[in-house]
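The values are calculated or read from the model by the stated rules, or taken from the named source; none is laboratory data. What you see is a predicted model; the values in this text were computed from it and never measured. No Cβ is skipped: glycine too gets one built from the backbone with ideal geometry, and neighbour counts run over all protein chains shown.
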Amino acid sequence: MRQSTLFGRTLREAPSDATTPGTRLLLRAAIARPLAAGLYTWLPLGFRVARKVEQIIREEQDRIGAQEIRIPVITPAEYWKETGRWDTLEPVTFRTRDHGGREYMIGYTHEELVMHHARSEIQSYRQLPAIVYHFQEKGRDEERPRAGLLRVREFVMKDAYSIARDFEELDRQYWAEHDAYARSFARMGLDAISVESDTGNMGGDVAHEFQVLTDVGEDRIVVCPSCDYRANMEKATRAPAPAAAAPADLPAYASIDTPDATTIETLERRLGLPARDFLKTLLLRDAEGSVVAVVLPGDRELNEAKLRKVLRTSAVKFASEADFTAAKAVPGYVGPVALRARTLVDASVEPRGYVAGANRKDTHLRDVVPGRDFRGERVDVHDVAAGDRCPKCGAGLAVRRGVEVGNIFKFGPYYADKMDATYLAEDGTRRPLMFGSYGIGIGRAVQTIIETSHDERGIVWPKAVAPFDAHVVALPSRDGAVPPAADALVAELESAGIEVLYDDREETAGVKFADADLIGIPLRLTVSARTLKEDAVELKGRRAENGTLVPRGEIVATVKELARP
RNA sequence: CGGGGUGUGGCUCAGCUUGGUAGAGCGCUUGGUUCGGGACCAAGAGGUCGAGAGUUCAAAUCUCUCCACCCCGACCA
C-alpha cells in the first residue's frame, strides 16, 4: 500500500475534545474518524486492525467448534416481544417501521433471534450441543457515548450463542468460551482478566466480564492481590469485618440538636465523630414506584447495581417529596427509627450504637442500636472499598479501573422458557434449550489495545493486529536512486507475503519518521542514499531507539522471520 | 436524563468583557533552496464566525430560541 494514496491523513495535533491517550492516537494516526456522537467510521488503517482482531476471534471460535452465521441488523419486534425486551430495551434502542407499519429495531444484541432460529432448526437432542456466532452491528442509543470507540452507539460485536441439553453441557460450553476469550485477548495483545459480573438487563445469573485494567476504564474492578478473586464493583463482596459485640449497657437513644447538619461531612465536623459512627438512610423508589429505605454506615457508599438486584427492578431513583411525607421522613434527617417504609439494612451496619437521623428537622438521635431500635432486612448493597478484606482469602482488596472488552453469560433455560424453545430428549420428554451468550466489541478492543500499547510518539501495535507487518520508508535523495530501490524492496517483500505500508511520499525524513512512529507498525525499514551505499536496509523495531543495517540480500528473510509471531 | 462546558478556514486557538475592515500557528497549493527525526524563503487558496430570530446606523462580539459536540453522574462490548 502506497502511503501517498492512503485515504485518511495523520494529524499533528489531536482535536481538543479527545480526552484519553487512545482517543487522541486513534484520531491522530488516522485509525477512525467521528461521524456523529458515538458513531465512527473506520479509516483504512483502522479497518485493517479491526479485521485482524476479528480474524483472531474467528479462529478461536472455530477452534471450539462454534459455527459462523449472520443474522440481520434489522430485527422484527415480534421476537423481542416474546421475552419482554421490546419494552425494557426501549430507552436504549433505535427503532423504525417499514412502509406497512411493522415495527423493527436495530439489534441491541441477538439472543431472541438466535433462540428463534434454534427452536425451529433444533428438534432433537442429537443436534446438540451447538454454538453459533456472528460479527454484526449492534445499535445502542447510549445516553452518553464516550472516549472515541470505547463507548459508541453502533459497533460490531462478535456475539456467540451456545445451546445445550442441560446445565452440565452448558457449563462446558461456558468454560470453552471463557478459554476461547482468554486466548483471543492474549493473541491480540490485551492483558484481560476475567471477573465476576452482574448480568444487568441481559437476564440470567452467572456471568463473567473480561476486563483490561487501565485508568481510562469506566468500570471499577475489585482485585485481590494475593488470590484469584476478581469482581466488578457491581457484584463484589467482602469478608465481613469481625463482628463487634454489642455493648450490653448502651443507654436508650436520645435526641441531639443538629441544626443545618444534613450531610455526613457536616456531622463529622460538628460532633467530632468519624463517618463510620453515623447511619445514613437513603429513601429510594424503584422502577415500579415502591419506596424503600436503605441504611448504611456513614462511611459506605450505596451500590445501585446490587440494590437493583435485591429489589428485582430495572432502575432506582431518589424518593419524591410525597414519598418522604408518606414515610414520615425529613430530607437531610432521615433515620431508620420509626420510619414508615420498607427498610433494608446493609450488611456493613454493625450491632452497636450509631448516630442517625431523627426524622425531625435539625435533630439526630444518638445511641441508636440496630435490632434494638429498628429492624430491617439484612442485605449487601454497599460498595467494596480499597483495603476491605477479600471474601476468599482475607487479604486487603484493591480497586482498579477497567475496560470491559468482553463478557459471557450463562442463562440456562431463561430464554427458552420465555420463547417456548424446546427439543426432544432421548427419553422422549421435551426440554428447554439451555442457553448462553458471549460478546466481544471489536472497536472497543481495538481502542483498548491503543490505550494500553503506546508511547509518547504514537501507537505500538502488537504484531498480530498491526495494520501492516512492515513500514518501508523511502527517504528523499538527490540522485533519484532511492525510489526504484524502494519499489523493488516493497515488491519483493509483498511477494514474500509481507504486508507493507510504503511511505513513498515526498516528505522530509523527520515527517516520515514521526508518522511511522505515530502509526506504529512493528517494523520500520528505511531506504535512503545512505543505506544504498552500504547495499543494505535499515531495520528498526517500533520500540527500539535505533535501527540496524541489514544486508539487502538478507532483508526479506529477516523481515519474514520477525513479522509473524 | 440531570449537571457542567464548547462551537471562529482541515487542525490548535486568539478576537467577544468595552459592538465598527475576521486574525495567528500548523496543514494545503505553486516556485525555489534544503534533505536521516515534524526544514527555510516567497507567492497564494481557503471562513454563511453552529443555526434562526431580535436589539442597533452597525453583531463573531449584546439578547432570546434552537442545534451540535465534549466532559461528569446512572447503563453496556
Exercise. Could you list, in sequence order, the residues of region A:184-229 that are closer than 23 Å to A:His110 by Cβ, surrounded by fewer than 21 Cβ atoms within 10 Å (Cβ to Cβ) and modelled with pLDDT of 85 or more?
Worked result: A:Ser194
For this session: Check region A:141-162 and report whether any residue there is more than 16 Å from RNA strand B (Cβ to nearest atom), over 20 Å from the mean Cα position of the chain (by Cα) and in contact (Cβ under 8 Å) with a residue 12 or more places away in the chain.
Result: no
For this session: Kindly state which strands (runs of 3 or more DSSP E) lie completely within region A:276-361 and contain at least 1 residues that are within 16 Å of RNA strand B (Cβ to nearest atom).
Result: A:279-286, A:291-297, A:316-318
Exercise. So, of the residues in region A:421-442 that are among the β-branched types (Val, Ile, Thr) and not in a strand (DSSP E or B), which turns out to be surrounded by the fewest Cβ atoms within 10 Å (Cβ to Cβ)?
Worked result: A:Thr429
Problem set entry | region A:265-286, residues that are at pLDDT 75 or above and under 33 Å from the mean Cα position of the chain (by Cα) | A:Ala275, A:Arg276, A:Lys280, A:Thr281, A:Leu282, A:Leu283, A:Leu284, A:Arg285
For this session: Please identify the pairs in which a residue from region A:51-79 that is without any contact (Cβ under 8 Å) to a residue 12 or more places away in the chain and more than 27 Å from A:Ala466 (Cα to Cα) has its Cβ atom under 9 Å from the Cβ atom of a residue that is surrounded by fewer than 16 Cβ atoms within 10 Å (Cβ to Cβ) and among the charged types (D, E, K, R), counting only partners at least 6 apart or on another chain.
Result: A:Glu78/A:Arg102; A:Glu78/A:Glu103
For this session: Return yes or no: is A:Val537 surrounded by 15 or more Cβ atoms within 10 Å (Cβ to Cβ) and within 38 Å of the chain's Cα centre (by Cα)?
Result: no
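Yes/no per residue for (1) more than 13 Å from RNA strand B (Cβ to nearest atom); (2) within 24 Å of the chain's Cα centre (by Cα); (3) not assigned by TED's automatic domain parsing to the domain that holds A:Lys138:
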{"residue": "A:Phe7", "(1), (2), (3)": "yes, no, yes"}
{"residue": "A:Leu11", "(1), (2), (3)": "no, no, yes"}
{"residue": "A:Pro34", "(1), (2), (3)": "no, yes, no"}
{"residue": "A:Leu39", "(1), (2), (3)": "no, yes, no"}
{"residue": "A:Gly46", "(1), (2), (3)": "yes, yes, no"}
{"residue": "A:Val49", "(1), (2), (3)": "yes, yes, no"}
Exercise. Among the listed residues A:Arg378, A:Arg366, A:Arg401, which satisfies the condition of being in a strand (DSSP E or B) and farther than 30 Å from A:Tyr229 by Cβ?
Worked result: A:Arg366
Exercise. Looking at (1) closer than 16 Å to A:Arg378 by Cα; (2) at pLDDT 80 or above, can you tell me which one A:Val310 breaks?
Worked result: (2)
For this session: Please give the number of the condition A:Ala248 fails out of (1) surrounded by fewer than 18 Cβ atoms within 10 Å (Cβ to Cβ); (2) part of a loop (DSSP other than H, G, I, E, B); (3) within 38 Å of the chain's Cα centre (by Cα); (4) more than 16 Å from RNA strand B (Cβ to nearest atom).
Result: (3)
